[in-house]
Amino acid sequence: MEIRALHPREDRSGFRSEDEALDRFFHKYAGQNQFRHYLGVTYIGVEGHRILAFATVAPGQLDIEDLPTSARKKLPRYPLPVLRLARLAVDESAQSQGLGAHLLRFVNQLAEKMADQYGCSGVIVDAKPGATEFYGKYGFIAVDPVEGQSDARPRPTMMFLPMSAIKAARGAAH
Ligand SMILES: CC(C)(COP(=O)(O)OP(=O)(O)OC[C@H]1O[C@@H](n2cnc3c(N)ncnc32)[C@H](O)[C@@H]1OP(=O)(O)O)[C@@H](O)C(=O)NCCC(=O)NCCS
């Protein structure tokens, strides 16, 4: 699977995950958010002309009070810069073949580049109830936002993967 940024006139209509809201976002809003409003960037996993998976990322911030005490350590009191994994989905025909994990590794690499070039303390995601275990497998920890929780129902769990864990995982892979 090749991973690259979405092109402006890419046909996204054939993509179907098991999640209607994610599909609607991908079909209708991913392009305009990226190319008209510059809100974030969607990366797609493709094989030939088929889109097998997508991940949308945007810069974000995390309040230190949201982190468990053990993770705050000596961090400053002001909001921490993070990369937000706003959406992640794999086409239902290609799920359970490692593509979600592959795209997640790619997102972690983007966060690392951001850390090296602009600053980034980790990746955050609002995990849907069925996806918390998936993110947990890769070291994401649940955080408890003090305010500004998502309006989505059922309520997602905000999860955070610290940059130290991303760097350590890459170090271990070499
Ligand atoms: C969740 C999702 C992105 C996972 O992608 P995927 O390509 O199917 O998953 P992978 O094949 O990469 O799985 C990697 C590992 O995570 C596990 N896993 C996958 N989905 C899981 C889930 N929902 N819960 C727990 N574990 C999960 C797999 O068993 C696999 O474990 P293994 O390495 O021990 O075999 C995908 O199933 C999806 O798009 N689901 C619908 C939309 C969604 O829920 N998106 C997340 C929104 S927050």
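In this structure, SER96 does satisfy being within 11 Å of the ligand (Cβ to nearest atom) and either open to solvent by 40 Å² or more (accessible area, probe 1.4 Å) or in contact with a Leu (Cβ under 8 Å, 6 or more places away or on another chain) (or both). Checking the structure you have, find out if any residue of the stretch 73-82 is within 16 Å of the ligand (Cβ to nearest atom) and surrounded by fewer than 18 Cβ atoms within 10 Å (Cβ to Cβ). The answer is no; no qualifying residue exists. A count restricted to the stretch 20-39 and to residues that are touching a strand residue (DSSP E or B) at 6+ places or on another chain (Cβ under 9 Å) and away from the ligand (no atom under 12 Å from the Cβ) stands at 5. Annotation: of all residues in the stretch 122-174 being open to solvent by 80 Å² or more (accessible area, probe 1.4 Å) and modelled with pLDDT of 95 or more, the one that is nearest to LEU110 (Cα to Cα) is TYR138. Could you tell me whether the stretch 87-102 includes any residue that is on the phi > 0 side of the Ramachandran plot and free of Cβ contacts under 8 Å to residues at least 24 places away in the same chain? Yes, there is a match, as at least one residue in the stretch 87-102 is on the phi > 0 side of the Ramachandran plot and free of Cβ contacts under 8 Å to residues at least 24 places away in the same chain.
The values are calculated or read from the model by the stated rules, or taken from the named source; none is laboratory data. None of the values given here were measured: they were computed from a predicted structure. Cβ sites come from the backbone with ideal geometry, for glycine too, and all protein chains shown count toward neighbours. In case anyone asks, the SASA skips ligands and DNA or RNA and just uses the protein heavy atoms, side chains included. Shrake-Rupley method; radii C 1.70, N 1.55, O 1.52, S 1.80 Å.
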